[in-house]
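Data block below; observations after.
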Amino acid sequence: MNNRLLNWFKFASPQSFFPLAGKMIPGFWALAVIFGVAGLYLGFFVAPTDAQQGEGYRIIFLHVPAAWMSMFIYLVMAFWAAIGLIYKTRLSGMMASALAPTGAMFTFLALWTGAFWGKPMWGAWWVWDARLTSELILFFLYIGFIALQAAIDDPRRADKAGAILALVGVVNIPIIYFSVKWWNTLHQGASVSLTKAPSMAQTMLLAMLLCALAFWMYSVAVALMRVRGIILERERNSEWVKQQVTMAAAGR
Amino acid sequence: MLALLKTVVARDLRLAMRRQADIVSALFFFIIVVSLFPLGVGPEADLLRRLAPGVLWVAALLATMLSLPRLFADDFRDGTLEQLALGPQPLAVAVFGKTLAHWLSSGLPLTLLSPLIGAQFDLPADAVWMLVLALLIGTPALSAIGAIGAALTLGLRGGGVLLSLLVLPLYIPVLIFGAGAVDATAGGLGAQAHLSVLGALSLAGLFFAPWATAAALRVALE
């Protein structure tokens, strides 16, 4: 137990995490590509045409996973922020700031694909429905987090201030999720739920889940790449980074 | 602890009264923003009556925002904040006191002024009273949540714009239920549910936000 605990905390130091992240990145990229190809193939070639919405519904395979990831990444970000505040580990703050741009990207993607889906189905690019609006708020929260961290020069203060903001913002996630129940509007109810049988064909569900997995693996890969960049930038005055850089320069 | 609370509230109110121009200019900002809307959308009474709750609430949010940067800035500059943080009492209590004082000098005057503007927008009497009530219940949440943003952006460049970016999204629930209460009354429905949620937001905000604000202040003071 004691031994394992030691190992666990070993990777909380940027120096030992850096090579580990480097080793993990290709794996996550490979998984992302495999799941992505499988999910998109199933979604676009195998899944049946929807009875009501025709072929237009197929954007669901991007839209729903993007929306899921946008919320999930915020939770993960808040989790790392909390860990960083509690244990004062430097790496946690770096993880939080590495995740933010990916989360913002997925939020934007969800809104964008939603607009493309809404135009043929509802006849409008945008409606002021609860879920759209709260997704938009989530986008604002991501932007606020990124802007706050960008405005603070001292990285330690940026981490802590961002962490507090992320934890305050995480209150918004349940509001997003329950907004469908709170305000009854145009948006269709959630298509997938854990408690009742899904209201869609099995292949569609499978394709959607595969795409969600692909997005997930992609997020991990990209966040790890970004965190490696942040580590190098913040630790640029330390000896091991200088060694790393000279080794990399000599290797090429 | 109660003594500290009283002292902070009294002190901040005295400071605010010595700078009455700040309070008055925020109020006039509120009036001007609201007055711009009829000029923008046209003077039809029906349209204005429909718009009034939302416009008034948005203007209230903006006016509250306007006074937020000063909430901690002066105390930060002259070292008062550091002394409060070093004191034996929890910093959150002092923050709570400052939040209350901020509400008394920004939210409360807005609320008292709102019937006048409601009349300008030709709101029926019961909707005007609901507006006053909703503002009275909802504006404490604005001060409480805003304090978090003010603490996070303390001493940063471009703090004002950043503050609005951080705080306005968090104000949205208050806006929805505040304007919703007036809408519901104007539409003949009861506003009980809206007011309850608004009250819950204010109470939760006043209780939890000072802790987050205190944590953010400690980060800024490091």
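The values are calculated or read from the model by the stated rules, or taken from the named source; none is laboratory data. From a predicted model like this one, the values you see are computed outputs, not experimental measurements. Because the Cβ atoms are built from the backbone with ideal geometry, glycine has one as well, and the counts that use them run over all protein chains shown.
Quick check, is B:Val182 away from chain A (no Cβ under 13 Å) and either in a helix (DSSP H, G or I) or touching a Gly at 6+ places or on another chain (Cβ under 8 Å) (or both)? Against the criterion (away from chain A (no Cβ under 13 Å) and either in a helix (DSSP H, G or I) or touching a Gly at 6+ places or on another chain (Cβ under 8 Å) (or both)), B:Val182 qualifies. Scanning the stretch A:38-87 for residues that are farther than 22 Å from A:Ala214 by Cβ, of a type in the set (Gly, Ala, Ser) and under 23 Å from the mean Cα position of the chain (by Cα) yields A:Ala78, A:Ala81, A:Ala82, A:Gly84. Looking only at residues of the stretch B:139-168 that are assigned to a helix (DSSP H, G or I) and at pLDDT below 85, we find that the one that is farthest from the other protein chains (Cβ to nearest Cβ) is B:Gly160. Candidates A:Lys88, A:Lys160: the one that is within 26 Å of A:Val227 (Cα to Cα), surrounded by fewer than 18 Cβ atoms within 10 Å (Cβ to Cβ) and basic (Lys, Arg) is A:Lys88.
For the stretch A:143-156: of the residues being within 7 Å of chain B (Cβ to nearest Cβ) and part of a helix (DSSP H, G or I), which is surrounded by the most Cβ atoms within 10 Å (Cβ to Cβ)? For the stretch A:143-156, the residue satisfying everything is A:Gly144.
May I ask you to say which residue of A:Phe106, A:Phe140 is in a helix (DSSP H, G or I), touching a Ser or Thr at 6+ places or on another chain (Cβ under 8 Å) and of a type in the set (Phe, Trp, Tyr)? Before you say what the answer is, go through the steps one by one.
Numbers: A:Phe140 fails: touching a Ser or Thr at 6+ places or on another chain (Cβ under 8 Å).
Of A:Phe106, A:Phe140, the one residue that is in a helix (DSSP H, G or I), touching a Ser or Thr at 6+ places or on another chain (Cβ under 8 Å) and of a type in the set (Phe, Trp, Tyr) is A:Phe106.
Only a single item in (1) within 11 Å of another protein chain (Cβ to nearest Cβ); (2) buried (at least 21 other Cβ atoms within 10 Å of the Cβ); (3) touching a residue at least 60 places away in the same chain (Cβ under 8 Å); (4) under 22 Å from B:Ala52 (Cα atoms) is not met by B:Phe177, and it is number (3). Taking helices (runs of 4 or more DSSP H) as the structural unit, those lying wholly within the stretch B:23-87 and holding at least 1 residues that are surrounded by 19 or more Cβ atoms within 10 Å (Cβ to Cβ) and under 21 Å from the mean Cα position of the chain (by Cα) correspond to B:45-67, B:70-78.
So which of B:Ala73, B:Ala92 ends up being closer than 23 Å to B:Ala215 by Cβ and in contact with a helix residue (DSSP H, G or I) (Cβ under 7 Å, 6 or more places away or on another chain)? Just a single option satisfies the conditions, and that option is B:Ala92.
Going residue by residue through the stretch A:127-136, is there one that turns out to be in a helix (DSSP H, G or I), among the aromatic types (Phe, Trp, Tyr) and out of contact with any strand residue (DSSP E or B) (no Cβ under 6 Å at 6 or more places or on another chain)?
No - not one qualifying residue is present in the stretch A:127-136.
Condition first: touching a helix residue (DSSP H, G or I) at 6+ places or on another chain (Cβ under 9 Å) and either β-branched (Val, Ile, Thr) or within 14 Å of chain B (Cβ to nearest Cβ) (or both). Now tell me which residues in the stretch A:105-128 satisfy that. Across the stretch A:105-128, the qualifying residues are A:Thr107, A:Thr113, A:Val127.
List every residue pair whose Cβ atoms sit under 7 Å apart, with the two residues 6 or more apart in sequence or on different chains, where the first one lies in the stretch B:211-222 and is over 15 Å from A:Leu167 (Cα atoms) and within 7 Å of chain A (Cβ to nearest Cβ) and the second, anywhere, is surrounded by fewer than 23 Cβ atoms within 10 Å (Cβ to Cβ) and not small (Gly, Ala, Ser). Close Cβ pairs satisfying both conditions: B:Glu222/A:Arg157. Against the conditions (1) buried (at least 18 other Cβ atoms within 10 Å of the Cβ); (2) at pLDDT 90 or above; (3) more than 21 Å from B:Trp129 (Cβ to Cβ), B:Ala16 satisfies every one except (2). Taking the stated definitions as given, is A:Leu31 in contact with a helix residue (DSSP H, G or I) (Cβ under 6 Å, 6 or more places away or on another chain), modelled with pLDDT of 90 or more, surrounded by fewer than 18 Cβ atoms within 10 Å (Cβ to Cβ) and assigned to a helix (DSSP H, G or I)? So A:Leu31 passes the test.
Among the residues of the stretch A:43-69, those identified as of a type outside the set (Phe, Trp, Tyr), at pLDDT 85 or above and within 15 Å of A:Met204 (Cβ to Cβ) are A:Leu62, A:His63, A:Val64, A:Pro65.
Looking across the stretch A:10-65, the residues that are in contact (Cβ under 8 Å) with a residue 12 or more places away in the chain, under 30 Å from A:Arg90 (Cα atoms) and not aromatic (Phe, Trp, Tyr) come down to A:Ala12, A:Ser13, A:Pro14, A:Gln15, A:Ala21, A:Gly22, A:Met24, A:Ile25, A:Leu31, A:Ala32.
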